[in-house]
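Have a look at the structure below, then the notes.
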Amino acid sequence: MEVSVTVNGTTRSADVEPRTLLVHYLRDDLGLTGTNIGCDTSSCGACTVLVDGRSAKSCTLLAAQVDGAEVTTIEGLAGDDGLHPMQQAFHECHALQCGYCTPGMVMAAVSLVDEYDDLDAAGVRVGLEGNLCRCTGYQNIVKAVLAASE
Amino acid sequence: MTDTMNPFTGGIVGTPRLRKEDPALLTGESKFIDDLNLPGALWISCVRSPHAHARIGAIDASAALATDGVVAVYTGADLEGDWAGPLPCAWPVTDDMKNPAHLPVAVGKANFAGDAVAVVVATSRYTAADGVEGVVVDYEPLEAVVDLDDAASDRVVIHEDCGTNVCYDWPLVPDPDAVAAAFENAVHHVTETYVHQRLIPAPMEPRGVAAVPAPHNGDMTLYSSTQIPHVLKVMGALTLGMPEQKLRVIAPSVGGGFGCKLNVYAEELVCMALANRHGVPVRWTETRTEAATSTIQGRAQRQTIELAADADGKLTAVRATLLADMGAYLQLVAPGVPLLGAFLYHGLYDVPAYSFTCRSVFTNLAPTDAYRGAGRPEATYAIERAMDALAVAVGVGQDEIRSRNFIPTEKFPYDSPAGLIFDSGNYQPTLDRAKELVDWDGRQAEQAERRAAGSTLHLGIGISSYVEMCGLAPSRTLAALNYGAGGWESATVRILPTCKVQVVTGSTPHGQGHETSWSMIVADQLGVDPDDVEVLHSDTAISPLGMDTYGSRSLSVGGTALWMATEKVIDKARAIAAHMLEANADDLDFAGGTFTVKGSPDKEVPLAGVAFGAFTAHDLPDGMEPNLEAQVTWDPGNFVFPFGTHIAVVEVDEETGAVELLDYAAVDDCGNQINPLIVEGQLHGGIVQGVAQALWEDAVYDADGQLRSANLADYLVPSAAECIDMKLDYTVTPSPTNPMGVKGIGEAGTIASTPAVMNAVVDALRPMGITDVRMPASPMTVRRAIEAAGGAS
């Protein structure tokens, strides 16, 4: 079936099997490999993208479900003037090590900050519960998200 | 403490520096294994035994072969002729160690749930998975051996050709009479038994492989999400029986390893064998469930530790006895993992008599192997838990029992009772500082108040002081331990004509930030900008010599090779500069990237001028080779011994059994620090990984050998919500083992934190008569301990 999505501002389409997951559509059909896959159970959040502005785990959606939607992936975050403030904060706070969870973590954080005005550390910790990181112990991720939320 | 030895004067090393790895990782630009675009590649998916122990009967692949997109199905028997040998175990710790044949695809019998019995080859990952559904295997289930004692009893022998489930017995008892005498004369004799549950390493990136053949010239390029491209090249070539020079191994961006990618895995061999058969690239990406069932697991041992002490609680002997679970087969270094802890069951305490013995057994569970810390977390756990028991027996505080037994600073280098030489140490300041950070006295008072008030929210305070041996390792020492390889590392430093620098390292990062740290070292030495230093790694064609990354070895071994190679380049540059300045090389100073003549500061030549002169070679000293490049392979003379003290404060809810981490302080000493930012990050992550063993993570197998926590919904890798901010501080005691004075820090957090948390949990519950809680200290486990002790029900 033909699935058409506006990804990072550009309308893209591809002919895919109906069972194709959004994450595989993005990665394998559109070549946007920045979004990673870390589990089979929607637990880790590595595949988090924005669908119509809200964070979503792209391994939990079929590509067909987002036909016509606007999707932002990690590739669409940095602009001509450099890194997105959330990416910059992750860099400055050393909030990544191996970097595999990072695209999903950053997208989830962007959505979290967008959703809540007065985030504190506890709010960030609970808000990012659906995104796992094995390297950082989260301390610097929390620091980065708070820095970017200001 | 002040550092007594630090060769860095350039102002770059020792200052936090943001990582040059970050921009690519933050934008999705980095390429992990599954991101590689390989047109025409076939995908494989493995048919895995659902039984922990079963004879493999007929395999009917007809339905799979009739599935759209499925190209072929291979059984273990079909592929048996493709292997020149079984999957390698490089650490035969004893001459009579049992090592059952471990084929990439099982033949005859499956020995754990997850053992591959057939492989489906298809045109996409989806159709490969479809194909697996169509393979019907006729299994004859056998009794599964899942318990360590049951395994040791040989009631059911898993590998008939071995004749026993006992893999090996390994003793380290330098002076049995001294140990016996110490226990005979002991005033205090503490005996404790602890269990380390199985852990799933769970890097966020699962494993993945892509084998790209060149059928006509015989080349093979193996991409793998591995920590060890160099080791994999040697072992892969041997196992496939292909000429080593024809195999190139590339580790692309690797999303964490924690030891589980320090291996040679079946899928790597299968992809290469099938790429040869089909003449096109063959690839595989692990599912998270496969990562749980079929990648190596860690820990998995039972320890009995005995302490002998005099009336003051001064240790006179330590005796440790292990029963360790190897799982169904021996993976690459599995037998050696208990040995990496074998020398450290007396911790950082001055003990005259020492005994360690380990028996390792096979079970019908996933193979075990090195997991962050590998042997040292286990050893530290045993001694640190037992020290608290000794403190109770002697009637002194947990802090005091440690202070009484720390190896005195004046005894360094310390000849350990297990036969090591601890390079440098100064332990008491780490305990003092950690106590300050958690407000020790205040917390003690709070604990007493809560107890006096009869609160059901119990406060527990736990100390863990640790020393570890890392920086693997002196090759001669590894030889004495029967390890199948050396412990050196290689580095090349090359100054390009424009005075930009290329560094080639045999160390293989997967999140540690080598590119940043290595640049800082070289930039500090050469007086150039770290951004002008490019670090090349993880490709055996670019970096042909290497021993890779594990055992907190990168900096102290690979970094030292790099430092030495840079010094060698400077020496050559100095000779050229002297020629250019018509001066004696000994009369030149080199600082800030410029050579100057002593006493004549106006006579100078910048490194850039020397580099260009070395490149043009128009006027070099007689006999000197053009270009500025040096390669060094360094074999350390000793391990390095980082140390520190961590303190955890927990609250245990008597009514629910819930444990909450309230505070955590870590004071570590890894000698001189290159990039304090990276040290901090390693500690944060390492500490949480150790806390997770104490409180959350458990690879739960049932009596039939089925893994009940085979995904991230059931296996509790902590999220941000369970974790807290940690307080870190440092002391600096440089290592004399290497010229940079550095020690490793990659595993220290994990080594230290598990016993700190469990000591805190037990400390909270001790008034109820509880002396041990099994890990992980889940609400259920804690409640059961309380009920067993006759507490609230």
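The values are calculated or read from the model by the stated rules, or taken from the named source; none is laboratory data. All values derive from a computational prediction rather than experimental measurement. Using ideal geometry, Cβ is built from the backbone for each residue, glycine included, and neighbour counts are taken over all protein chains shown. Just the protein is used for accessible areas: all its heavy atoms, side chains included, with ligands, DNA and RNA removed. Shrake-Rupley method; radii C 1.70, N 1.55, O 1.52, S 1.80 Å.
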All positions within the stretch A:91-132 that are under 15 Å from residue B:511 (Cα atoms) and within 7 Å of chain B (Cβ to nearest Cβ): A:91, A:94, A:96, A:97, A:98, A:99, A:100, A:101, A:102, A:103
Count of residues meeting criterion [at pLDDT 95 or above, part of a strand (DSSP E or B) and of a type outside the set (Val, Ile, Thr)] in the stretch B:565-615: 8
Matching residues in the stretch B:532-548 - criterion: being touching a strand residue (DSSP E or B) at 6+ places or on another chain (Cβ under 8 Å) and either crowded, with 18+ Cβ neighbours inside 10 Å or within 14 Å of chain A (Cβ to nearest Cβ) (or both): B:533, B:535, B:537, B:538, B:539, B:540, B:543, B:546, B:547
Qualifying residue in the stretch B:53-67 (condition: within 14 Å of chain A (Cβ to nearest Cβ) and either closer than 18 Å to residue B:121 by Cβ or under 25 Å from the mean Cα position of the chain (by Cα) (or both)): yes
Residue count for the stretch B:61-87, restricted to those that are open to solvent by less than 20 Å² (accessible area, probe 1.4 Å) and over 24 Å from residue B:129 (Cα atoms): 2
Tally of residues being part of a loop (DSSP other than H, G, I, E, B) and surrounded by fewer than 19 Cβ atoms within 10 Å (Cβ to Cβ) across the stretch B:21-40: 7
Residue in the stretch A:135-148 that is open to solvent by less than 10 Å² (accessible area, probe 1.4 Å), part of a loop (DSSP other than H, G, I, E, B), of a type in the set (Val, Ile, Thr) and within 7 Å of another protein chain (Cβ to nearest Cβ) present: yes
Criterion: open to solvent by 10 Å² or more (accessible area, probe 1.4 Å) and closer than 27 Å to residue B:7 by Cα - qualifying residue of B:518, B:488: B:488
Residue tally, condition open to solvent by 30 Å² or more (accessible area, probe 1.4 Å) and more than 8 Å from chain B (Cβ to nearest Cβ), over the stretch A:61-81: 12
Test: residue in the stretch B:398-421 that is under 23 Å from residue B:440 (Cα atoms) and among the acidic types (Asp, Glu): yes
Residue in the stretch B:260-274 that is open to solvent by 10 Å² or more (accessible area, probe 1.4 Å) and touching a Pro at 6+ places or on another chain (Cβ under 6 Å) present: yes
Single residue of B:235, B:242, B:204 found to be within 22 Å of the chain's Cα centre (by Cα) and open to solvent by 20 Å² or more (accessible area, probe 1.4 Å): B:235
Residue A:112 being within 16 Å of the chain's Cα centre (by Cα), at pLDDT 95 or above and assigned to a loop (DSSP other than H, G, I, E, B): no
Subset tally (residues that are within 14 Å of chain A (Cβ to nearest Cβ), open to solvent by 10 Å² or more (accessible area, probe 1.4 Å) and hydroxyl-bearing (Ser, Thr, Tyr)) for the stretch B:673-711: 0
Some residue of the stretch A:82-96 being without any contact (Cβ under 8 Å) to a residue 24 or more places away in the chain, open to solvent by less than 10 Å² (accessible area, probe 1.4 Å) and either in a helix (DSSP H, G or I) or over 21 Å from residue A:22 (Cα atoms) (or both): yes
Selection count where residues are of a type in the set (Ser, Thr, Tyr) and either open to solvent by 70 Å² or more (accessible area, probe 1.4 Å) or within 11 Å of chain B (Cβ to nearest Cβ) (or both), scope the stretch A:1-14: 2
Residue count for the stretch B:498-531, restricted to those that are more than 14 Å from chain A (Cβ to nearest Cβ) and polar (S, T, N, Q): 6
Residue match in the stretch B:314-330 (condition: at pLDDT 95 or above, within 22 Å of residue B:232 (Cβ to Cβ) and in a strand (DSSP E or B)): yes
Close pairs from the stretch B:115-142: first touching a residue at least 40 places away in the same chain (Cβ under 8 Å) and within 15 Å of residue B:76 (Cα to Cα), partner assigned to a helix (DSSP H, G or I) and open to solvent by 40 Å² or more (accessible area, probe 1.4 Å), Cβ under 8 Å, at least 6 apart: B:121/B:278; B:135/B:63; B:136/B:63
Conditions (1) out of contact with any strand residue (DSSP E or B) (no Cβ under 6 Å at 6 or more places or on another chain); (2) closer than 22 Å to residue B:250 by Cβ: number failed by residue B:42: (1)
Residue among B:362, B:356 that is open to solvent by less than 10 Å² (accessible area, probe 1.4 Å), touching a residue at least 60 places away in the same chain (Cβ under 8 Å) and farther than 17 Å from residue B:416 by Cβ: B:362
Residue list for the stretch A:15-60, restricted to those being over 20 Å from residue A:130 (Cα atoms), part of a helix (DSSP H, G or I) and either more than 9 Å from chain B (Cβ to nearest Cβ) or of a type in the set (Lys, Arg) (or both): A:25, A:26, A:27, A:29
Any hit, the stretch B:714-728, residues being within 14 Å of chain A (Cβ to nearest Cβ), buried (at least 24 other Cβ atoms within 10 Å of the Cβ) and in a helix (DSSP H, G or I): yes
Residues of the stretch B:626-659 that turn out to be open to solvent by less than 40 Å² (accessible area, probe 1.4 Å) and under 27 Å from residue B:465 (Cβ atoms), as a count: 17
Test: residue in the stretch B:244-251 that is over 19 Å from residue B:297 (Cα atoms), free of Cβ contacts under 8 Å to residues at least 60 places away in the same chain, not basic (Lys, Arg) and not in a strand (DSSP E or B): yes
